[in-house]
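The values are calculated or read from the model by the stated rules, or taken from the named source; none is laboratory data. Since this is a predicted model, take the numbers as computed values, not measurements. Note that each Cβ is placed from the backbone with ideal geometry, even for glycine, and that neighbours are counted across all protein chains shown.
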Amino acid sequence: MNIANVISIGRLLASPVAVWLIINREYQLAFMVFILAGISDAVDGFIAKKFDMETELGKYLDPMADKVLLVSVYVTLGATDILPNWLVILVVFRDVIIVGGAMLYHTVAKSLTVTPLIVSKINTAAQVALAALVLCALAYGFLDHWSINALIYIVGGTTLLSGGAYVVTWSRKAAALEKEE
């Protein structure tokens with residue numbers, strides 16, 4: 001266990017705190033927790049790379065902490081009628097498809113190398129931006145409906161594109177495995 005992994009665990013533990021704060025309408029604190037978690041993601045990545053602290057645990061823990069935070073914030077914002085339910089369902093379903101496809105491929109192939117797709121990175125950036133903007137708007141009382149609505153549709157579109165791209169990727173990998181056998 002190294003400092004980078006401890007920071008990732010801290011980000012993982014920030015998720016239920018953020019959920020609790022949103023449910024209790026403590027939006028300023030929820031926004032701060034979300035921003036600090038985002039900063040911690042950059043910090044643990046920097047530390048792991050700069051000080052040669054990349055570990056097998058960290059390769060799984062870091063993206064898991066990111067996904068748990070993002071999905072739990074989206075589900076909570078949807079459950080409290082702040083984000084549209086269709087978007088929350090789309091975001092969660094995409095992640096289930098990606099994780100399920102990876103697990104299935106790993107089970108069949110006995111190995112797995114995951115390289116995030118560019119559309120997935122764009123999608124994650126849009127998801128983070130939307131969650132941050134919504135929490136900031138709730139925390140500080142301004143509501144830029146145009147920006148939030150635009151981001152909702154950008155997140156919806158990139159989520160569909162990203163999910164579809166992963167389905168195609170996993171399908172091609174599965175077809176290549178069948179040809180090898």
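Results, tabulated for the structure shown:
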quantity	calculated
Residue count, segment 69-100 (criterion: over 17 Å from Leu135 (Cα atoms) and among the β-branched types (Val, Ile, Thr))	7
Qualifying residue in segment 20-27 (condition: assigned to a helix (DSSP H, G or I) and among the charged types (D, E, K, R))	no
Selection count, segment 14-24, where residues are in contact (Cβ under 8 Å) with a residue 40 or more places away in the chain and over 19 Å from the mean Cα position of the chain (by Cα)	1
Hits in segment 137-170 - residues which are within 15 Å of Arg94 (Cα to Cα) and of a type in the set (Gly, Ala, Ser)	Gly156, Gly157, Ser162, Gly163, Gly164, Ala165
Where a residue in segment 131-159 is within 17 Å of Leu70 (Cα to Cα) and its partner, wherever it lies, is in a helix (DSSP H, G or I) and charged (D, E, K, R), with Cβ under 7 Å and at least six apart	Thr159/Arg94
Subset tally (residues that are more than 21 Å from Pro16 (Cα to Cα), aliphatic (A, V, I, L, M) and either buried (at least 16 other Cβ atoms within 10 Å of the Cβ) or within 16 Å of the chain's Cα centre (by Cα) (or both)) for segment 43-72	2
Of all residues making up segment 1-57, the number that are closer than 21 Å to Ile82 by Cα and of a type in the set (Val, Ile, Thr)	6
Which listed residue is among the β-branched types (Val, Ile, Thr), closer than 22 Å to Ala18 by Cβ and modelled with pLDDT of 90 or more, from Ile152, Ile122, Ile118	Ile152
Near pairs, Cβ below 9 angstrom, 6+ apart or cross-chain, from segment 61-80 (in contact (Cβ under 8 Å) with a residue 60 or more places away in the chain and among the small types (Gly, Ala, Ser)) to any residue that is assigned to a helix (DSSP H, G or I) and surrounded by 18 or more Cβ atoms within 10 Å (Cβ to Cβ)	none
